[in-house]
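> Have a look at this one.
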Amino acid sequence: MSEFAAPVPTPIEQRELILTRTFKAPRAKVYRAWTEPELVKQWFAPAPWSIAKVEFDLRPGGTSLVVMRSPEGHEFGNPGVFLEVVKNEKLVFTDAFVKAWQPSEKAFMVATVTFEDHEGGTKYTARVQHWSAADRETHEKMGFHEGWGQCADQLGALVATL
(Lines give C-alpha, C1' and ligand atoms only; values in the text may rest on other atoms or scores of the structure.)
Protein backbone atom coordinates (compact mmCIF):
# COMPACT_ATOMS: atom_id res chain seq x y z
CA MET A 1 0.00 0.00 0.00
CA SER A 2 1.31 3.42 -0.93
CA GLU A 3 2.07 5.97 1.75
CA PHE A 4 -0.17 8.28 -0.26
CA ALA A 5 -3.26 6.07 -0.06
CA ALA A 6 -6.43 7.86 0.97
CA PRO A 7 -7.64 7.15 4.48
CA VAL A 8 -10.62 4.84 4.82
CA PRO A 9 -13.66 7.03 5.46
CA THR A 10 -15.90 6.47 8.46
CA PRO A 11 -19.08 4.67 7.31
CA ILE A 12 -21.95 7.11 6.79
CA GLU A 13 -24.06 5.29 9.39
CA GLN A 14 -21.56 6.48 11.99
CA ARG A 15 -21.82 10.08 10.77
CA GLU A 16 -25.58 10.58 10.49
CA LEU A 17 -28.53 11.41 12.68
CA ILE A 18 -32.09 10.60 11.61
CA LEU A 19 -35.47 11.84 12.79
CA THR A 20 -38.78 10.51 11.45
CA ARG A 21 -42.35 11.61 12.10
CA THR A 22 -45.74 10.95 10.55
CA PHE A 23 -48.11 13.88 10.09
CA LYS A 24 -51.84 13.86 9.37
CA ALA A 25 -51.41 16.26 6.48
CA PRO A 26 -50.62 15.84 2.78
CA ARG A 27 -47.04 16.15 1.53
CA ALA A 28 -47.80 19.45 -0.21
CA LYS A 29 -48.66 21.10 3.12
CA VAL A 30 -45.56 19.77 4.88
CA TYR A 31 -43.40 20.89 1.95
CA ARG A 32 -45.03 24.37 2.05
CA ALA A 33 -44.22 24.65 5.75
CA TRP A 34 -40.58 23.87 4.93
CA THR A 35 -40.29 26.25 1.98
CA GLU A 36 -42.43 29.34 2.65
CA PRO A 37 -40.46 31.74 4.88
CA GLU A 38 -43.48 32.99 6.84
CA LEU A 39 -44.42 29.39 7.68
CA VAL A 40 -40.82 28.40 8.51
CA LYS A 41 -40.73 31.21 11.09
CA GLN A 42 -43.60 29.54 12.94
CA TRP A 43 -41.94 26.19 13.69
CA PHE A 44 -38.24 25.97 12.77
CA ALA A 45 -36.73 26.90 16.17
CA PRO A 46 -37.40 25.00 19.39
CA ALA A 47 -39.41 27.27 21.71
CA PRO A 48 -38.58 29.55 23.48
CA TRP A 49 -36.17 30.31 20.61
CA SER A 50 -37.65 31.99 17.54
CA ILE A 51 -36.81 32.73 13.93
CA ALA A 52 -35.94 36.36 13.16
CA LYS A 53 -35.40 35.99 9.41
CA VAL A 54 -35.75 33.46 6.60
CA GLU A 55 -34.50 33.96 3.05
CA PHE A 56 -34.66 31.14 0.51
CA ASP A 57 -33.66 30.94 -3.14
CA LEU A 58 -35.37 27.59 -3.59
CA ARG A 59 -33.38 25.91 -6.36
CA PRO A 60 -30.22 23.80 -6.59
CA GLY A 61 -27.36 26.20 -5.86
CA GLY A 62 -29.74 28.73 -4.30
CA THR A 63 -28.94 30.25 -0.94
CA SER A 64 -30.66 29.63 2.34
CA LEU A 65 -30.48 31.89 5.37
CA VAL A 66 -32.26 31.19 8.64
CA VAL A 67 -31.54 33.53 11.55
CA MET A 68 -32.42 32.09 14.96
CA ARG A 69 -33.07 34.33 17.96
CA SER A 70 -32.37 33.22 21.53
CA PRO A 71 -34.80 34.08 24.34
CA GLU A 72 -32.29 36.79 25.35
CA GLY A 73 -32.50 38.36 21.88
CA HIS A 74 -29.15 37.18 20.46
CA GLU A 75 -29.27 36.27 16.79
CA PHE A 76 -27.45 33.39 15.11
CA GLY A 77 -27.32 33.20 11.32
CA ASN A 78 -27.34 29.83 9.61
CA PRO A 79 -26.37 30.35 5.96
CA GLY A 80 -26.33 27.52 3.46
CA VAL A 81 -27.07 26.35 -0.05
CA PHE A 82 -29.75 24.07 -1.47
CA LEU A 83 -28.25 21.11 -3.31
CA GLU A 84 -31.50 19.49 -4.47
CA VAL A 85 -35.10 20.68 -4.53
CA VAL A 86 -37.90 18.31 -5.60
CA LYS A 87 -41.29 19.90 -4.94
CA ASN A 88 -43.36 17.99 -2.36
CA GLU A 89 -40.73 15.22 -2.17
CA LYS A 90 -37.26 16.27 -1.08
CA LEU A 91 -34.97 19.10 0.04
CA VAL A 92 -31.21 18.69 0.35
CA PHE A 93 -29.17 21.53 1.83
CA THR A 94 -25.78 22.11 3.40
CA ASP A 95 -23.85 24.61 5.45
CA ALA A 96 -20.68 23.72 3.50
CA PHE A 97 -21.36 26.76 1.33
CA VAL A 98 -22.64 30.19 2.35
CA LYS A 99 -23.66 31.36 -1.12
CA ALA A 100 -23.05 30.53 -4.77
CA TRP A 101 -20.49 27.82 -3.99
CA GLN A 102 -18.47 30.04 -1.63
CA PRO A 103 -17.19 27.59 1.00
CA SER A 104 -18.12 28.19 4.62
CA GLU A 105 -15.42 28.40 7.25
CA LYS A 106 -16.45 25.07 8.78
CA ALA A 107 -18.63 22.59 6.95
CA PHE A 108 -20.74 20.70 9.47
CA MET A 109 -23.55 18.85 7.72
CA VAL A 110 -25.70 17.98 4.74
CA ALA A 111 -29.40 17.57 5.52
CA THR A 112 -31.87 15.62 3.42
CA VAL A 113 -35.54 16.10 4.23
CA THR A 114 -38.03 13.80 2.53
CA PHE A 115 -41.82 13.80 2.36
CA GLU A 116 -43.56 10.49 1.53
CA ASP A 117 -47.22 9.54 1.34
CA HIS A 118 -48.11 7.40 4.35
CA GLU A 119 -51.56 6.16 5.42
CA GLY A 120 -53.43 9.30 4.41
CA GLY A 121 -50.71 11.61 5.68
CA THR A 122 -47.00 12.24 5.30
CA LYS A 123 -43.97 10.38 6.53
CA TYR A 124 -41.35 13.05 7.22
CA THR A 125 -37.69 12.07 7.51
CA ALA A 126 -34.80 14.38 8.32
CA ARG A 127 -31.43 12.74 7.68
CA VAL A 128 -28.42 14.81 8.73
CA GLN A 129 -25.03 13.62 7.53
CA HIS A 130 -21.86 15.04 9.06
CA TRP A 131 -18.30 15.25 7.78
CA SER A 132 -16.98 13.29 10.74
CA ALA A 133 -18.17 11.06 13.55
CA ALA A 134 -16.97 13.79 15.94
CA ASP A 135 -19.26 16.35 14.24
CA ARG A 136 -22.14 13.89 14.53
CA GLU A 137 -21.41 13.41 18.21
CA THR A 138 -21.21 17.18 18.75
CA HIS A 139 -24.58 17.67 17.03
CA GLU A 140 -26.14 14.89 19.09
CA LYS A 141 -24.80 16.44 22.33
CA MET A 142 -26.11 19.86 21.22
CA GLY A 143 -29.55 18.27 21.43
CA PHE A 144 -30.30 17.11 17.90
CA HIS A 145 -33.03 14.66 18.90
CA GLU A 146 -34.63 17.00 21.41
CA GLY A 147 -34.34 20.17 19.31
CA TRP A 148 -35.18 18.72 15.91
CA GLY A 149 -37.85 16.60 17.62
CA GLN A 150 -39.48 19.66 19.20
CA CYS A 151 -39.34 21.46 15.86
CA ALA A 152 -40.92 18.43 14.14
CA ASP A 153 -43.72 18.48 16.73
CA GLN A 154 -44.22 22.20 16.06
CA LEU A 155 -44.21 21.48 12.31
CA GLY A 156 -46.86 18.79 12.81
CA ALA A 157 -49.06 21.17 14.75
CA LEU A 158 -48.69 23.83 12.06
CA VAL A 159 -49.47 21.59 9.08
CA ALA A 160 -52.57 20.32 10.86
CA THR A 161 -53.95 23.88 10.63
CA LEU A 162 -53.01 24.69 7.01
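> Run through all the Cα pairs of segment 100-162 and give the fraction in each 10 Å bin from 0, expressed as whole percent.
17, 41, 28, 13, 1
> At 0.36 nm per residue, and after removing the present C-alpha to C-alpha distance, how many nm does the segment from Glu72 to Gln42 gain when stretched out fully?
Gain in length upon complete extension: 9.0 nm.
> Please work out how much accessible surface Asp117 shows to a 1.4 Å probe, ignoring ligands, DNA and RNA, in Å² rounded to 10.
110 Å²
> Considering only Cα-Cα distances, which of the following residue pairs are longer than 22 Å: Lys41/Lys106; Lys29/Lys99; Lys90/Lys123; Lys24/Lys87; Lys29/Lys123; Lys99/Lys123?
The pairs that break the limit, which is 22 Å between Cα atoms, are Lys41/Lys106; Lys29/Lys99; Lys99/Lys123.
> Mind computing the radius of gyration and Dmax over the alpha-carbon atoms of the chain? Å is fine for both.
Rg then Dmax for the chain, in Å: 16.5, 60.
> Sticking with this structure for a sec: Just to be sure I understand the model, the point goes 7 Å from the Cα along the line to the Cβ. What's the resulting Asp153 to Thr20 distance in nm?
2.0 nm
> Here is a follow-up. I want to verify the translational diffusion coefficient of segment 23-117 in µm²/s; compute it with Stokes-Einstein, Rh as the Kirkwood radius over Cα pairs, at 37 °C and 0.692 mPa s. Spell out each step's value before the answer.
Details: Rh = 13.8 Å.
Rounded to a whole number, D works out at 237 µm²/s.
The values are calculated or read from the model by the stated rules, or taken from the named source; none is laboratory data. Keep in mind that this is a model prediction, so the values were computed, not measured. Don't worry about glycine lacking a Cβ; one is built from the backbone with ideal geometry, like all the others, and counts go over all protein chains shown. Ligands, DNA and RNA are stripped out before the accessible areas are found, and what is left, the full protein with its side chains, is counted by its heavy atoms. Shrake-Rupley method; radii C 1.70, N 1.55, O 1.52, S 1.80 Å.
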